[in-house]
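A quick write-up on the structure given underneath.
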Amino acid sequence: MMRILLACLMCEILPISQAFAIDGGPIYGGGGSAPVPVVGTYAGVMLDVMTGSNNLGIFTLSVPQQGLSSGTVFIFTGERTFSGPISGLADPNTDKFVGTLQGILVVTSGSATIETLGFHADGSIRAHVRLGKGVGIASVRLVGSAHVTTTDNRGSPDCQEDPCDPSMMHCCKVDTTYQVRGFKQSFSTNG
């Protein structure tokens with residue numbers, strides 16, 4: 001008789017306890033719904049969505065507890081290399097990063113490095129901080145897209161859109177869309 005009474009009580013208690021359960025638990029990776037700590041240092045690549053374009057970007061990004069995120073980007077196109085800063089915001093509630101980037105053409109001649117203002121790259125990045133597969137700090141991933149416009153204004157201040165002919169020495173703008181793939185290197189922003 002006692003077993004039947006206990007069984008009947010358990011039938012009532014178990015569904016009620018499920019209703020009052022607290023969501024959460026330990027984070028083991030693999031895309032849980034718990035928020036991901038966005039503060040830290042990241043590194044990553046920007047892969048051109050157009051296959052065979054020879055365009056590639058690499059970046060580092062520091063996301064502090066307070067203030068703007070900052071970092072450095074290098075963009076390699078088929079003909080030129082651009083270097084410059086990334087600035088943005090990381091929202092800890094939505095795990096989203098939104099930022100801008102700028103790059104100036106880098107020319108190396110012998111042992112001297114010259115930055116040329118006639119060429120520049122400007123763009124934006126939108127990414128999500130997500131848990132990937134695995135365990136540990138590198139399982140925190142940065143996934144998104146970047147849109148970059150490279151401009152050659154040596155020949156004219158009136159720029160023309162793609163396609164451009166560099167031999168004509170007129171201003172050319174080339175738009176490129178990248179996939180952003182990064183990973184967390186450290187929970188600290190001090191390197």
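Restricting to segment 73-90, what's the tally of residues that are open to solvent by less than 60 Å² (accessible area, probe 1.4 Å) and not in a loop (DSSP other than H, G, I, E, B)?
10
How many residues, within segment 12-66, are surrounded by 10 or more Cβ atoms within 10 Å (Cβ to Cβ), at pLDDT below 55 and within 20 Å of the chain's Cα centre (by Cα)?
So the answer is 4.
The values are calculated or read from the model by the stated rules, or taken from the named source; none is laboratory data. Nothing here was measured: the structure is a model prediction, and the numbers come from that model. Virtual Cβ from ideal backbone geometry, glycine too; neighbours counted across all protein chains shown. We work out accessible area using only protein heavy atoms, side chains counted, and drop any ligands, DNA or RNA first. Shrake-Rupley method; radii C 1.70, N 1.55, O 1.52, S 1.80 Å.
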